[in-house]
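The values are calculated or read from the model by the stated rules, or taken from the named source; none is laboratory data. Values in this document were obtained by computation on a predicted structure and should not be read as measured data. All Cβ positions, even for glycine, are placed from backbone atoms using ideal geometry, and neighbour counts span all protein chains on display.
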Amino acid sequence: MTAGSFQPYIVPPTLLTGRFEATVVDPGGAPMDIVRAGDAWRVDLEWEITGLLVPALGGTWHVHLDVDPVGSGSESQYPNPPISRPLNPANGKYAEVLTMQNVLAPGNYDIVANLTYRDGTGAAAPMSGFVKLGRIQVQP
């Protein structure tokens, strides 16, 4: 897994801290950066929050990939809308798998995994993260 950046609320780490990691894997589960469009490749995501505030938090995580074609084309998000996951105050651990088979046309892409948080009222809150997965080549 590639470690990313994670920013919790601005409180002491004993109250709240976290991590966000992601990796591109082939159908057999090995990390990779060259894939075939028709293969069942995927992006595995894991994140965790720890600290005394975790049991008190409510709300929803939102996770998606920013996919930017190198050269021509425009950036897109996958999935769109992002996947929503309610907070789990019992342990603060989360995992998501984004299956990418036949999602991207052949070409080179810069991919960033994004994690955002909305509080219990649905408002965007200052807790988020990202992982730069680097350049991925999708072959026919």
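What the table below lists for this structure:
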{"item": "Output for segment 92-140, where each listed residue is more than 25 Å from GLY59 (Cβ to Cβ) and aliphatic (A, V, I, L, M)", "result": "MET100, VAL103, LEU104, ALA105, ILE111, LEU133, ILE136, VAL138"}
{"item": "Residue selected from segment 1-15 under the condition of a type in the set (A, V, I, L, M, F, W, C) and touching a residue at least 40 places away in the same chain (Cβ under 8 Å), by the criterion surrounded by the most Cβ atoms within 10 Å (Cβ to Cβ)", "result": "PHE6"}
{"item": "Selection count where residues are at pLDDT 90 or above and under 18 Å from LYS132 (Cα atoms), scope segment 6-28", "result": "9"}
{"item": "Near pairs, Cβ below 6 angstrom, 6+ apart or cross-chain, from segment 28-40 (in contact (Cβ under 8 Å) with a residue 12 or more places away in the chain) to any residue that is surrounded by 11 or more Cβ atoms within 10 Å (Cβ to Cβ) and part of a strand (DSSP E or B)", "result": "ASP33/ILE136; ILE34/GLN137; VAL35/VAL138; ARG36/GLN139; ALA37/VAL138"}
{"item": "Residue tally, condition of a type in the set (A, V, I, L, M, F, W, C), buried (at least 16 other Cβ atoms within 10 Å of the Cβ) and over 18 Å from GLY120 (Cα atoms), over segment 58-102", "result": "4"}
{"item": "Test for LEU133: is it of a type outside the set (Asp, Glu), under 20 Å from VAL43 (Cα atoms) and in contact with a Gly (Cβ under 7 Å, 6 or more places away or on another chain)", "result": "no"}
